[in-house]
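The block underneath contains the structure these notes are about, expressed in structure tokens.
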Amino acid sequence: ASRFGLHIRGDLPGSNRLYDLIQAGTLPIVSSKDVGVTLPFPDVVPWDDIIFRIPEGPQSAQRAALVKVLQTDPAVLERRRTLMRKHAPDVLWDVD
């Protein structure tokens, strides 16, 4: 199973990609200048403690950010996954 899933900006700010990643149990790596505006239920879900953000722009900046994400301490990754599972029912329709 994948540990991470890449969520890149599409034609519109909203999409199912984020929800698909959460449902699959992969930590989202979000690359979008609009992501702060479009994340659902920001008063309930601590997105900054769950997702990883990487910049849009030059590939070198994205590559450096991805390497940093991949080097994240396993204990930190587990805390993020635990939070993601805890808040999955807040954003997914089919999770009890």
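If R₀ is 25 angstrom, what is the calculated FRET efficiency for the pair LYS86 and ARG9, using the beta carbon separation as r and rounding to 0.05?
E(calc), rounded to 0.05, equals 0.40.
Taking the highest mean first, how do the peptides 58-68, 79-89 order by number of other beta carbon atoms within 10 angstrom per residue? Display every interim value, and only then the final one.
Details: 58-68: 11.6, 79-89: 15.3.
The densest-packed peptide leads the list: 79-89, 58-68.
Which FRET efficiency value, to the nearest 0.05, is calculated for ARG17 and GLU78 with the Förster distance at 22 angstrom and r the Cβ-Cβ distance?
Working: r = 23 Å, r/R0 = 1.05.
Approximately 0.45, to the nearest 0.05.
Helices from the chain with mean Kyte-Doolittle at least -1.0 and a Cα length along the axis of 18 Å or more, per DSSP H: which? If you can, show how the numbers build up before the last one.
Working: long enough: 74-91 (25 Å, -0.81).
Taking the DSSP H segments of the chain (at least 18 Å long, mean hydropathy at least -1.0), we get 74-91.
Going toward the positive end of the dipole of the chain, with +1 on Lys and Arg Cβ and -1 on Asp and Glu Cβ, which of LEU83, LEU66, GLN23 do you reach last?
Sorting the options by dipole projection puts first LEU66.
Read-outs throughout are calculated quantities, based only on the coordinates presented, and are distinct from any laboratory measurement. Owing to the predicted nature of the structure, the values given are computational and were not obtained by experimental measurement. Every residue, glycine among them, receives a Cβ derived from its backbone with ideal geometry; neighbour counts consider all protein chains shown.
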